[in-house]
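Input: a single structure, listed below in structure tokens.
No lab work stands behind these numbers, since they all come straight from the coordinates. In this text, all values refer to a predicted model and were calculated from it rather than measured experimentally. No Cβ is skipped: glycine too gets one built from the backbone with ideal geometry, and neighbour counts run over all protein chains shown.
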Amino acid sequence: MAHDDVLEHVEKIVDGFGFLLVDMNLFQAGRRKILRVLVDRVGRIGLDECAKVSRAVSDTIETLDLIGDAYTLEVSSPGIGRQLSTENDWVRCVGRRIEVKTESSEFVSVLASYNEGLLTFEDGKVTDPASVLSAREAI
């Protein structure tokens, strides 16, 4: 079981659907391996889309025997309280309310755009992601 091989194939599958890979973990839980894949897209991903990704990932893993042992595959979207920090996080959260904390301020606003490495919010605030200490999607 090569984590990088699995990651490479999962990334290709997710990209092929036009979605964003938020996170992937392959770990041992007792006798079984768990492959947890978090996917999203601008606007939000639905259950049907997660099911398509799940089928494609499962088919590829089985065909190429990437994991080898019994495993459980979990494909879902990230939860609201998940920490945001990567470029994929900013891209997928455009149009969503974000709770942001920087050294100089804390605010909740809708992320209007992520362009040229800057986060622009509907209330006019513009922030460099490097200055964000923490950010989470807000309800």
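Looking at segment 87-137 alone, DSSP beta bridges between its own residues are antiparallel in about 100 percent of cases. Most simply put, segment 3-76 has about 60% antiparallel DSSP beta bridges, counting only bridges with both residues inside it.
Quick check on the chain: helices-only [θ] at 222 nm, where DSSP H runs of length 4 and up contribute -39,500 (n - 2.57) each and the sum goes over total residues. Nearest 500, please. Don't skip to the answer; put the middle values down first.
Working: 3 runs with 38 residues, N = 139.
About -8500 deg cm²/dmol.
Given +1 at the Cβ of Lys and Arg, -1 at the Cβ of Asp and Glu and no other charges, the dipole of segment 1-53 around its Cα centre is 320 debye to the nearest 20.
The angle between the Cα long axis of helix 3-16 and the main principal axis of the chain comes to about 70°, on a 0 to 90 degree scale. Hydrodynamic radius of the chain by the Kirkwood approach over all distinct alpha-carbon pairs: 16.2 Å.
Return 9, 3 ranked ascending by Cβ neighbour count within 10 Å, so the fewest neighbours appear first.
Working: 9 17, 3 13.
Ascending number of Cβ neighbours within 10 Å: 3, 9.
Computed from Cα positions, the angle between helix 47-64 and the longest principal axis of the chain comes to roughly 40 degrees.
Counting other C-beta atoms within 10 Å, which of 7, 47 has the fewest, and how do the rest follow?
Working: 7 16, 47 10.
With the fewest neighbours first, 7, 47 line up as 47, 7.
Mind putting a number on the dipole of the chain about its Cα centre? Charges go on the C-beta only, +1 for Lys and Arg and -1 for Asp and Glu, and I need it in Debye to the nearest 20. Mind showing how you got there, number by number?
Details: 16 positive and 24 negative charges, 99 e Å.
Here the size comes out at about 480 debye.
Which whole-number percent of Cα pairs in segment 22-74 have a distance greater than 19 Å? Can you show the working numbers first?
Numbers: 418 of 1378 pairs.
I get 30 percent for the Cα pairs in segment 22-74 exceeding 19 Å.
The antiparallel fraction among DSSP beta bridges confined to segment 1-129 stands at about 75%.
A cut-off under 10 angstrom between Cβ atoms defines the neighbours of residue 66, and their net charge, with Lys, Arg +1 and Asp, Glu -1, is -4. Basic side chains Lys and Arg get +1 at the Cβ, acidic Asp and Glu get -1 at the Cβ, and with that the dipole of segment 87-137 about its Cα centre reaches some 160 debye.
Taking the charge dipole of the chain about its Cα centre, with +1 at Lys and Arg Cβ atoms and -1 at Asp and Glu Cβ atoms, the residue from 139, 105, 22 reaching farthest to the positive side is 139. Distances between every pair of Cα atoms in segment 87-137, grouped in 5 Å steps from 0 to the bin holding the largest one, split as 5, 23, 40, 27, 5, 0 percent.
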